[in-house]
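Heads up, the thing below is written out as structure tokens.
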Amino acid sequence: MNARLNLFGDQVSAKVMKHFIAANKVVADSSLPLATQELVKLRASQINGCGFCIDMHSKDATHAGESQVRLNLVAAWREATVFTEAERAALELAEEGTRIADAAGGVSDEVWANAAKHYDEEQLAALVSLIAIINAFNRANVVVQRPAGGYQPGQFA
């Protein structure tokens, strides 16, 4: 299976991807915990049906030491006991931020307030940026049907 379009194969999409990657690096270097970043990327990718990003972020998280149990339970985080309250707040914000079209009014005040209890202003800014960035990556990969399964941890480092 091949992607419909190589997102790094022409000047326009390659420049856009370069900016997405640079923005992601800013978030990666923030004080938002790396484990939280990977959980959020994985959950948004699950919601968006982005196989490439699910493959990437589950492998990167495993490579960074994340447990298989937690990764297996990301899709059912509400029923799982393996996530901290802060991680649960981030996952809820990621879900509402990803499903904006499904929710009248977007992200609720309650979800925002819960996230703000656990994260400082810089971390909230990183979390909001991360949600926007992963959704952009997901949408590009889904549109071009980028195949999943061949990602190697650190491949884009």
Check: In degrees between 0 and 90, to the nearest 10, how far off the longest principal axis of the chain does helix 11-28 point, with axes built from Cα atoms?
Finding: 30
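With the Cα gyration tensor of the chain in hand, convert its eigenvalues to equivalent ellipsoid semi-axes via √(5λ) and list them largest first in whole Å. Intermediate results must be reported in sequence, preceding the final value.
Details: eigenvalues 125, 62, 48 Å².
Over the Cα atoms of the chain, the semi-axes work out to 25, 18, 15 Å.
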Notebook entry, point to check: On a 0 to 90 degree scale, rounded to 10, what angle separates helix 109-118 from the longest Cα axis of the chain?
Noted result: 90
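Quick check: from the Cα gyration tensor, does segment 67-127 come out rounded (a/c under 1.5), prolate or oblate? It would help to have the intermediate numbers written out before the result.
Working: a/c = 2.13, a/b = 1.32, b/c = 1.61.
Oblate.
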Margin query: 7 Å from Cα along Cα→Cβ at both R99 and V142: what's the point-to-point distance in nm?
Written below: 1.3
Note to self: To test your reading of the geometry: what angle, between 0 and 90 degrees and rounded to tens, separates the Cα axis of helix 51-63 from the longest principal axis of the chain?
What the structure shows: 60
Check: Of the residues E96, E110, E66, which exhibits the maximal mean-square fluctuation in a Gaussian network model of the chain defined by a 10 Å Cα contact cut-off?
Finding: E110
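Rounded to the nearest 500 deg cm²/dmol, what is the calculated helix-only ellipticity per residue at 222 nm for the chain, with -39500 (n - 2.57) per DSSP H run of length n ≥ 4?
Calculated from helices alone, the mean residue ellipticity at 222 nm is -20500 deg cm²/dmol.
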Check: Tell me, what is the percent relative contact order of segment 1-74, built from C-alpha pairs under 8 Å that lie six or more residues apart?
Finding: 22
Checklist line | Likely footprinting exposure, E79, E38, fewest C-beta neighbours within 10 Å first | finding: E79, E38
Margin query: Within the chain, which is the longest segment that contains none of the chymotrypsin sites (Phe, Trp or Tyr not before Pro) sitting in a DSSP loop with at most 14 other Cβ atoms within 10 Å?
Written below: 9-155
Note to self: Below 21 Å, Cα to Cα, which lysines can K59 reach? Residues fewer than 8 away in the same chain don't count.
What the structure shows: K25, K41
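What FRET efficiency, computed as 1/(1 + (r/R0)^6) with R0 = 41 Å and r the Cβ-Cβ distance, is obtained for S108 and S67, rounded to the nearest 0.05? Before the final figure, lay out each step's value.
Numbers: r = 30 Å, r/R0 = 0.73.
After rounding to 0.05, the efficiency reads 0.85.
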Checklist line | Neighbourhood charge, 12 Å Cβ-Cβ cut-off, centred on A140 and excluding it, Lys, Arg +1 and Asp, Glu -1 | finding: +3
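All of the numbers you see were taken from the coordinates with simple rules; none came from a lab. All of these numbers come straight from a predicted model, not from anything done at the bench. Heads up, the Cβs are rebuilt from the backbone with ideal geometry, glycines too, and the neighbour counts pull from every protein chain shown.
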